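The values are calculated or read from the model by the stated rules, or taken from the named source; none is laboratory data. Keep in mind that this is a model prediction, so the values were computed, not measured. Here the Cβ positions follow ideal geometry from the backbone for every residue, glycine too, while neighbour counts run over all protein chains shown.
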Amino acid sequence: MKKGNGGITVRQKHSAYAKEDNIWGYLFISMAVIVFCVFTMYPIVNACIISMQKYNPIQSKWVGLDNYNGLLTDKLFFKSIRNTVVYTVLTVPVNIAISFILAILIFPFKKWMQTTFKAIYYLPAVASGVSLSVVWLWIYSSLPSGLFNQLIGIFGLESQNWLGQSKTAMFSLVLMSWLSSHGTNVIIYIAALLGIPKDHFEAAEIDSATFFQKVHYIVLPMVKPTTLFLFVTGIISSFQVFMNAYLMTAGGPDNNTTMVGLLIFNNAFKYSEFGKASAQALILAVAIAVISLLQFKFMGDEIEY
Amino acid sequence: MKKHVNLLSLVLVMIMAATMLNGCGKEATPTVNSSAAPSSIAPEEPDTIKALLPPISNQFIERLDKVQAAFHKQYPNLTLVIEAASWNDRIEKLDTQVNAGTPPDIAFLGSELIAKYVNMGVAMNITKYATADMISDYDAAPLKYMKNGDGLYGLPAYMEIHGIGGNKEYMEAAGIDWKKIQTKGWTFEEFDAAVKKGAGVKGANSTSKYGLVFATAGTTTKNFIEIFAKNAGMPSEFNSDIKYVYTSKKFLNVLTSASKLIADGANMNATAGERWNLFLTGQTMFTGKGLATFESSAKANNAKLKAKDGSAVAGSVPVDYVVMPVPTSNGASPAYYSVVDGYVTFRGKTAPTEVHMKNVVKASYFLASGENAAQTNADLFAVNITKTARDAESKYPIEREADNLASVKYLMANAAPARPEIPSDKQAKGTKIMDEVIIPKFQALLAKEISPQTMYDAVYEAAVAAFGKDGIVKD
Amino acid sequence: MGLYNDYNNNIKLRCLRNGLILLPLSLFAVATLFPIYFMVISSFAAPVEAGAASHLLWPTKWTLDSYIFFFNYSKYSTRWLMNSLIASTAVTFSNVVFASMTGYAFSKIRFRGNKLLFNILLCAMMIPYQVTQVPLYILIVNTFHMQNTYAALIFPSSVSVYNIFLCKQFMSSIPNEIIESAKIEGCTQLNIFYRIIMPLSKTVMAVVAITTFMSNWNTFFWPFLVTSKMEMQTIQVGLKNFSFANSTYFAPMMAGATIAAVPMFVLFFSMQKYFLEGVTVGAVKG
């Protein structure tokens, strides 16, 4: 065993560090954990309890797993899960890919141009959701005066009822997602790209690597932690989103654009079946957790130098 | 960097400390509802009443302070605290508060929601606490809407009848005797014929494109079913034997009439904004649904067109809005769909005291009658439903065509009656079928993806599942 | 940036390549910008109801009436902006400091329960807000009586798991050798954090600042729930008051939304310098 300073063995030093690290670790996370326990954990535990009750503000009744059993036979619940999965699969990977491509494309330009583009992509995030949905409602309007209908009118096609028809409703929502709010993801990717050390690229150039090779062998692996982050958070939020969809299609023709979030919302507030809503929410959470676990397994290995 | 971080943390700590101190100071006065077991409170003791109100009319929010002050002047020991909420979200906020066990004392709601809260046990029956004078001030029909079972759960603010809006110029050019129809009603066949004539009518400044534009997009889908079904011999979701009526062939008839209108040139895909825009730009003869207050909007736009100041709606023409009744079908007598919104009273987890309830009723009555009601209803072009408000009417004159006023009175006289005796759990099931089956399928029907028969079968199936084979109408 | 060939010898080729890249970037920019353009343009129209509003690409009559309408609408209009500013700034500061500390701890400090705790935090993100809303409301309003306070607006979101996760991912790519060598020199974790981690994480901290400020600024429902007095409402809640039963004052709503968007622009541009340079992690190899 090597002797370090003052006769302390390395192993002893390591365990001393370990103990000290424990304390520091807990200290650093203390604030976050406190806030988490009070404002997040406590309501979640409450929600779990409520999911096993027929909840009423004055007097709740304990019903065990009845709420969950009811869901297994609920056709609308399964339909909404299917819709949500379709929406997620169509939007999350594509959005992340678009953000990545945009982030890379911004790089060759001078600083002022980079800033301009970054600001432009960031903008939709800045506008409030309500005003954005008003604009998109006009774009998708079924009247010939709606923007999309005017566009396809140039090609001689008939005006479509974008949001009211089953064959176009879901796609309209997906397209709306593709074209808006990449700003945050672009910024995150740019931050990640900035963290790639230049010497990697210099080494690659010595080996005369092409652009695509550089991207494939250097950039993509180096931004993997970021990509994993965007996938996990993207799927979490996509599974829960419903408000914008609801404003646009009100659940779509024949419940074809009804998302799980909307059902939870309706059960909690419209029908005041709070217990049932909590049960649905927990099932949704479990589904998301399983998917996230899979993602961590595929993409989660840490990058060490 | 270290200096910056230190400064940052210092500022942060200061902000957090400041907010905590601030927070302690700004605590709202706890109301009687949240206190422990209620003991006797003398009637003259100070009491606070909380009300959750949306902007009932465009000018309502501006008047909040004055209303609160006037109430305090009338009852010096009582304070009315009005919480303003946006129209679309107040239900969610109210429901969060209800589920938490601490709802406001009064909330402004549509009367159709009363059943839901009675079901939960949080709606407060005020029959015992309202004085005879208060009750007799109200017209019987709207008051009945605020009842459920034997109890009265609030006081109504106005009764708005949904109709169809007509363009006077086009109707005359198409030879429609609108004056007669306004006070006598018409059948669906007559309406359909008029809609057919409605496309391509030439006016002084414009030509109509559609016979009818009815808003059904997004959250307005419910409107068509509600207002047409009522006049098709189904004035309520349940008949006098408390059986569900949308399984009868009359409902199928309503669905086929929707398809027929589309086939005859009506546009049934518009949003609420579009249906009004198309009316103002002279592109349609009829617009639905039509509310009495649209008349004032049309007049306002006409004035802007006259002033030629460029602020009128682009492409709009002068239009005269005419109130038209919804047509009847199946030979039924008219039962016009009425919306009664009112001030509904609530209780929380702890039962409120008698004295507090009496005070809550005083506040509701203050808001729902006399000057306050007259002023709000004048904003909305709604007819007053209390004697005291009618007395105060002259202070808030509105410019309304006599014909339209006569029509509104005819509509109110033939409004669909309230059915408080329907048990609230059945009402809840009916609402669920409406939301989960009828509305989604109707959206598909409007998109021509399913036939009326398919939709009718789906509704039938859902009704049987909810009410059993004996709980529905079969004909 | 070494990713792209500098083409120092062949300026024409470089311009051609840049031009080709510019095309999709600009197309996307136009598509993205359009709703914003529309929102700003509509704010200069007259304050009329939505149904009566004409959706034009270029207004026939330019007026600041809608802005005036917005400020006159309620004596609290400016107060709403202030409240949003205070709440969002506090939440942003809190997140930047504590999320980075927590992210660092989870990614680099080895302590007992590291992985387990992080997984619990992550799973909590997956529960939809609708069902945690009521218990949280009961906690804040009924138990703590914190309604209508800045604390109620700030504390629940003072450290978000999203930010912790983000910081952890970014900090995981900081080489361990730097940290080890600092420890050998006798630095405590706190020192390491101040002197090494924070400078290297300027970029991600700027990202946290921008995204947190923005999401908190835009959030509607929670402030709506916990504030009953108009003077404590935030700008998003106030904007919604323009929706009435059957009409919406479209132009003033857009005016308010445009005004509400300005602080975020200011923040974005002031954070720019953190985005333009890489932070050389390679310094350790030296």
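Taking into account only those residues within the range C:174-184 that are within 8 Å of chain A (Cβ to nearest Cβ) and closer than 20 Å to A:I29 by Cβ, which is farthest from the chain's Cα centre (by Cα)? Walk me through how you get there before you give the answer.
Here is the first cut: in the range C:174-184, the ones within 8 Å of chain A (Cβ to nearest Cβ) are C:175-177, C:183.
Cutting the leftovers down to closer than 20 Å to A:I29 by Cβ gives us C:176, C:183.
Working: C:N176: 30, C:K183: 35 Å.
The qualifying residue farthest from the chain's Cα centre (by Cα) is C:K183.
Given the criterion more than 12 Å from chain C (Cβ to nearest Cβ) and either surrounded by 15 or more Cβ atoms within 10 Å (Cβ to Cβ) or in contact (Cβ under 8 Å) with a residue 60 or more places away in the chain (or both), identify the matching residue among A:S180, A:S172. Don't jump to the end; show me each part of the working.
Details: A:S180 fails: more than 12 Å from chain C (Cβ to nearest Cβ).
Matching residue, one of A:S180, A:S172: A:S172.
Suppose the filter is assigned by TED's automatic domain parsing to the domain that holds B:T328 and within 28 Å of the chain's Cα centre (by Cα); does B:K197 pass it? First the steps, then the outcome.
Numbers: assigned by TED's automatic domain parsing to the domain that holds B:T328: yes; within 28 Å of the chain's Cα centre (by Cα): no.
Answer is no for this residue.
Could you please find all residues in the range C:166-178 being in contact with a Ser or Thr (Cβ under 7 Å, 6 or more places away or on another chain) and either surrounded by fewer than 23 Cβ atoms within 10 Å (Cβ to Cβ) or within 14 Å of C:M101 (Cβ to Cβ) (or both)?
At the first step, the residues of the range C:166-178 found to be in contact with a Ser or Thr (Cβ under 7 Å, 6 or more places away or on another chain) are C:167-172.
Passing the criteria: C:C167, C:K168, C:F170, C:M171, C:S172.
Please work out if A:N255 is crowded, with 19+ Cβ neighbours inside 10 Å and at positive phi.
Values: crowded, with 19+ Cβ neighbours inside 10 Å: yes; at positive phi: yes.
When the stated conditions are applied, A:N255 passes them.
Kindly check whether there is at least one residue in the range B:349-358 that is among the hydroxyl-bearing types (S, T, Y) and buried (at least 21 other Cβ atoms within 10 Å of the Cβ). Give the derivation first.
Filtering the range B:349-358 down to residues among the hydroxyl-bearing types (S, T, Y) leaves B:350, B:353.
Still in the list and also buried (at least 21 other Cβ atoms within 10 Å of the Cβ): none.
No, that holds for no residue.
Within the range B:277-312, track down each residue that is within 15 Å of B:G198 (Cβ to Cβ) and aliphatic (A, V, I, L, M).
B:L278, B:M285, listed by residue number.
Residue under question is A:Q280, and the condition is that it be out of contact with any Cys (no Cβ under 7 Å at 6 or more places or on another chain), among the polar types (S, T, N, Q), crowded, with 24+ Cβ neighbours inside 10 Å and assigned by TED's automatic domain parsing to the domain that holds A:V89; does it hold? Let's see the steps before the verdict.
Values: out of contact with any Cys (no Cβ under 7 Å at 6 or more places or on another chain): yes; among the polar types (S, T, N, Q): yes; crowded, with 24+ Cβ neighbours inside 10 Å: yes; assigned by TED's automatic domain parsing to the domain that holds A:V89: yes.
Yes.
So which residues in the range C:93-130 are surrounded by fewer than 18 Cβ atoms within 10 Å (Cβ to Cβ) and not in a helix (DSSP H, G or I), if there are any at all?
Across the range C:93-130, the qualifying residues are C:R110, C:R112, C:G113.
Restricting attention to the range C:50-66, does a residue exist that is part of a helix (DSSP H, G or I), in contact with a helix residue (DSSP H, G or I) (Cβ under 6 Å, 6 or more places away or on another chain) and at pLDDT 85 or above?
No, every residue in the range C:50-66 fails to be part of a helix (DSSP H, G or I), in contact with a helix residue (DSSP H, G or I) (Cβ under 6 Å, 6 or more places away or on another chain) and at pLDDT 85 or above.
Within the range B:440-475, which residues are touching a Leu at 6+ places or on another chain (Cβ under 8 Å), surrounded by 18 or more Cβ atoms within 10 Å (Cβ to Cβ) and of a type outside the set (S, T, Y)?
Hits for the range B:440-475 are B:F442, B:L445, B:P452, B:M455.
Among the residues of the range B:212-226, which ones are surrounded by 24 or more Cβ atoms within 10 Å (Cβ to Cβ) and touching a Gly at 6+ places or on another chain (Cβ under 8 Å)?
B:L212, B:V213, B:F214, B:A215, B:A217
Go over the candidates B:V322, B:V326, B:V360, B:V313 one by one and state the one that is touching an Asp or Glu at 6+ places or on another chain (Cβ under 9 Å) and not assigned by TED's automatic domain parsing to the domain that holds B:D137.
Result: B:V322 is the single residue among B:V322, B:V326, B:V360, B:V313 that is touching an Asp or Glu at 6+ places or on another chain (Cβ under 9 Å) and not assigned by TED's automatic domain parsing to the domain that holds B:D137.
Give me a count of the residues in the range B:277-298 that are more than 10 Å from chain C (Cβ to nearest Cβ) and farther than 23 Å from A:P144 by Cβ.
The qualifying residues number 4.
May I ask you to list the residues in the range B:125-144 that are polar (S, T, N, Q) and within 22 Å of the chain's Cα centre (by Cα)?
B:N125
Residue-wise test of (1) more than 22 Å from B:K116 (Cα to Cα); (2) free of Cβ contacts under 8 Å to residues at least 60 places away in the same chain; (3) among the hydrophobic types (A, V, I, L, M, F, W, C); (4) not in a loop (DSSP other than H, G, I, E, B).
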position	(1), (2), (3), (4)
B:A363	yes, no, yes, yes
B:D379	yes, no, no, yes
B:V408	yes, no, yes, yes
B:K432	no, yes, no, yes
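Just give me the residues in the range B:452-466 being touching a helix residue (DSSP H, G or I) at 6+ places or on another chain (Cβ under 7 Å) and of a type in the set (F, W, Y), in sequence order.
B:Y456
Name the residues in the range B:259-276 that are hydrophobic (A, V, I, L, M, F, W, C), touching a strand residue (DSSP E or B) at 6+ places or on another chain (Cβ under 8 Å), surrounded by fewer than 22 Cβ atoms within 10 Å (Cβ to Cβ) and more than 14 Å from chain C (Cβ to nearest Cβ), would you? First the steps, then the outcome.
Of the residues in the range B:259-276, the ones hydrophobic (A, V, I, L, M, F, W, C) are B:261-263, B:266, B:268, B:270, B:272, B:276.
Filter again for touching a strand residue (DSSP E or B) at 6+ places or on another chain (Cβ under 8 Å), leaving B:261-262, B:266, B:268, B:270, B:272, B:276.
Within this subset, residues satisfying the condition of being surrounded by fewer than 22 Cβ atoms within 10 Å (Cβ to Cβ) are B:262, B:272.
Result: B:I262, single match.
Looking at the range C:213-225, which of its residues are more than 9 Å from every other protein chain (Cβ to nearest Cβ) and surrounded by 23 or more Cβ atoms within 10 Å (Cβ to Cβ)?
Of the residues in the range C:213-225, the ones more than 9 Å from every other protein chain (Cβ to nearest Cβ) are C:213, C:216, C:219, C:222-223.
If the condition is that a residue be more than 9 Å from every other protein chain (Cβ to nearest Cβ) and surrounded by 23 or more Cβ atoms within 10 Å (Cβ to Cβ), then C:F213, C:N216 are the ones that fit.
Rundown of residues vs (1) under 25 Å from A:T168 (Cα atoms); (2) under 27 Å from the mean Cα position of the chain (by Cα), yes/no style:
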position: B:I433; (1), (2): no, yes
position: B:V437; (1), (2): yes, yes
position: B:F442; (1), (2): yes, yes
position: B:E449; (1), (2): yes, no
position: B:Q453; (1), (2): yes, no
position: B:A458; (1), (2): yes, no
position: B:V464; (1), (2): no, no
position: B:I472; (1), (2): no, no
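Right, A:I106: surrounded by fewer than 23 Cβ atoms within 10 Å (Cβ to Cβ) and modelled with pLDDT of 85 or more or not? Break it down stepwise before answering.
Values: surrounded by fewer than 23 Cβ atoms within 10 Å (Cβ to Cβ): yes; modelled with pLDDT of 85 or more: no.
Against the criterion (surrounded by fewer than 23 Cβ atoms within 10 Å (Cβ to Cβ) and modelled with pLDDT of 85 or more), A:I106 does not qualify.
Which one of the conditions (1) at pLDDT below 90; (2) crowded, with 18+ Cβ neighbours inside 10 Å; (3) out of contact with any helix residue (DSSP H, G or I) (no Cβ under 9 Å at 6 or more places or on another chain) does B:S248 fail to meet, given that it meets all the rest?
Answer for B:S248: the failing condition is (1).
Which one is farthest from C:E231 (Cα to Cα), of the residues in the range C:134-157 that are among the β-branched types (V, I, T) and more than 9 Å from chain B (Cβ to nearest Cβ)?
Of the range C:134-157, the ones among the β-branched types (V, I, T) are C:134, C:138, C:140-141, C:143, C:149, C:154.
Pick out the ones that are also more than 9 Å from chain B (Cβ to nearest Cβ) and you get C:140, C:143.
Details: C:I140: 19, C:T143: 23 Å.
Among them, the one singled out is C:T143.
Would you confirm whether or not the range A:132-155 contains a residue that is more than 19 Å from the chain's Cα centre (by Cα), among the aliphatic types (A, V, I, L, M), assigned by TED's automatic domain parsing to the domain that holds A:T233 and not in a helix (DSSP H, G or I)?
Yes.
Suppose we filter A:L90, A:L105 for residues that are touching a residue at least 12 places away in the same chain (Cβ under 8 Å), in a helix (DSSP H, G or I) and either within 12 Å of another protein chain (Cβ to nearest Cβ) or in contact with a helix residue (DSSP H, G or I) (Cβ under 8 Å, 6 or more places away or on another chain) (or both); which single one remains? Explain how you work it out, then say what you get.
On the way: A:L105 fails: touching a residue at least 12 places away in the same chain (Cβ under 8 Å).
Checking each option against the conditions leaves just A:L90.
This table checks each residue for (1) under 23 Å from the mean Cα position of the chain (by Cα); (2) charged (D, E, K, R); (3) over 29 Å from C:A152 (Cβ atoms).
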residue: A:I34; (1), (2), (3): no, no, no
residue: A:V38; (1), (2), (3): no, no, no
residue: A:I44; (1), (2), (3): yes, no, no
residue: A:A47; (1), (2), (3): yes, no, no
residue: A:F77; (1), (2), (3): yes, no, yes
residue: A:P108; (1), (2), (3): no, no, yes
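Would you check if A:A289 is over 30 Å from B:V118 (Cα atoms), surrounded by 21 or more Cβ atoms within 10 Å (Cβ to Cβ), free of Cβ contacts under 8 Å to residues at least 24 places away in the same chain and out of contact with any Lys or Arg (no Cβ under 8 Å at 6 or more places or on another chain)? Explain how you work it out, then say what you get.
Working: over 30 Å from B:V118 (Cα atoms): yes; surrounded by 21 or more Cβ atoms within 10 Å (Cβ to Cβ): no; free of Cβ contacts under 8 Å to residues at least 24 places away in the same chain: yes; out of contact with any Lys or Arg (no Cβ under 8 Å at 6 or more places or on another chain): yes.
So A:A289 fails the test.
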